[in-house]
1. Name the single residue, out of those in the range 12-32 being surrounded by fewer than 23 Cβ atoms within 10 Å (Cβ to Cβ) and in contact with a Phe, Trp or Tyr (Cβ under 7 Å, 6 or more places away or on another chain), that is nearest to Ala198 (Cα to Cα).
2. With (1) exposed (fewer than 14 other Cβ atoms within 10 Å of the Cβ); (2) part of a strand (DSSP E or B) as the list, and Lys151 as the residue in question, which single condition is left unmet?
3. Is one or more of the residues making up the range 188-200 basic (Lys, Arg) and either within 15 Å of Leu10 (Cα to Cα) or in contact (Cβ under 8 Å) with a residue 60 or more places away in the chain (or both)?
4. Could you grab me the full set of residues in the range 48-68 that are in contact (Cβ under 8 Å) with a residue 24 or more places away in the chain, under 16 Å from the mean Cα position of the chain (by Cα) and farther than 11 Å from Phe101 by Cβ?
5. Filter the range 160-175 down to residues that are free of Cβ contacts under 8 Å to residues at least 60 places away in the same chain and in a loop (DSSP other than H, G, I, E, B), then give me how many there are.
6. Of everything in the range 1-20 that's under 20 Å from Phe87 (Cα atoms) and among the hydrophobic types (A, V, I, L, M, F, W, C), which residue is farthest from the chain's Cα centre (by Cα)?
7. State yes or no: is Phe28 among the aromatic types (Phe, Trp, Tyr) and out of contact with any helix residue (DSSP H, G or I) (no Cβ under 8 Å at 6 or more places or on another chain)?
8. Where the second residue is surrounded by 14 or more Cβ atoms within 10 Å (Cβ to Cβ) and of a type in the set (Lys, Arg) and the first is touching a residue at least 60 places away in the same chain (Cβ under 8 Å) and lies in the range 111-128, which pairs have Cβ atoms under 7 Å and are six or more apart or on separate chains?
Amino acid sequence: MGFFVAFEGLDGSGSSTQAQLLERHFKFRKRAVLLTKEPTNNLIGGLVRGQLTHDWKSSMECLQLLFAADRAHHLEKEIEPALKRNFVVISDRYKSSSIAFGSLETDKEWLIKINEKFREPDLTILLKVSPETCIKRMRNRPSIELFEEEKKLEKVWNVYESFVSENVVLVDGEKNIDEIHDEIVKLVGDKMKGHEVASLL
């Protein structure tokens, strides 16, 4: 079985950048790696993205059920098959995002319930970046999605922090990008001991 690592954090925390750097790290070392993300680019993920960018609107409960359906499809079609082939699977966001962001508008316990049967990552990297810094970073983006106001981000972060455990590790996301990457490589390397990862050689 391969190794499943998820990147989490507030919008603007750098999760996409660090996920890409980790993929590059494994590719350079000729390891089988899959970089993926949520919401996905599949049909259900497209519906989710459409609501996040205000192209259409439904209730928050409907949105969270779509997130869960997208995740179920993501696991079945991408994540599980890759893990069975001993790939390192890197996901830019996973179920912690649904619970943390979704709890702004819906019941946290319900969100945990509808996501509880989904596989837990072997390691979740939670990038700690202040809401103020995240907002500043996002001002450079062409569009800002739902949830991206500072007070809301503070509430989201409080939920994220409650997940910290042996397999959900906080990393300072306000350091230099390369320093963050080096720390993540070490964390992943330590956690991967005992996991069989396929080689591309």
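1. Ranking the qualifying residues of the range 12-32, first place goes to Ala32.
2. Against the list (1) exposed (fewer than 14 other Cβ atoms within 10 Å of the Cβ); (2) part of a strand (DSSP E or B), Lys151 comes up short only on (2).
3. Yes, there is a match, as at least one residue in the range 188-200 is basic (Lys, Arg) and either within 15 Å of Leu10 (Cα to Cα) or in contact (Cβ under 8 Å) with a residue 60 or more places away in the chain (or both).
4. Correct list: Ala68 only.
5. 5
6. Met1
7. In short, yes.
8. Asp122/Lys191; Leu123/Lys191
The values are calculated or read from the model by the stated rules, or taken from the named source; none is laboratory data. Given the structure is predicted, the values throughout are model-derived calculations rather than measurements. Backbone-built Cβ (ideal geometry, glycine too); neighbour counts: all protein chains shown.
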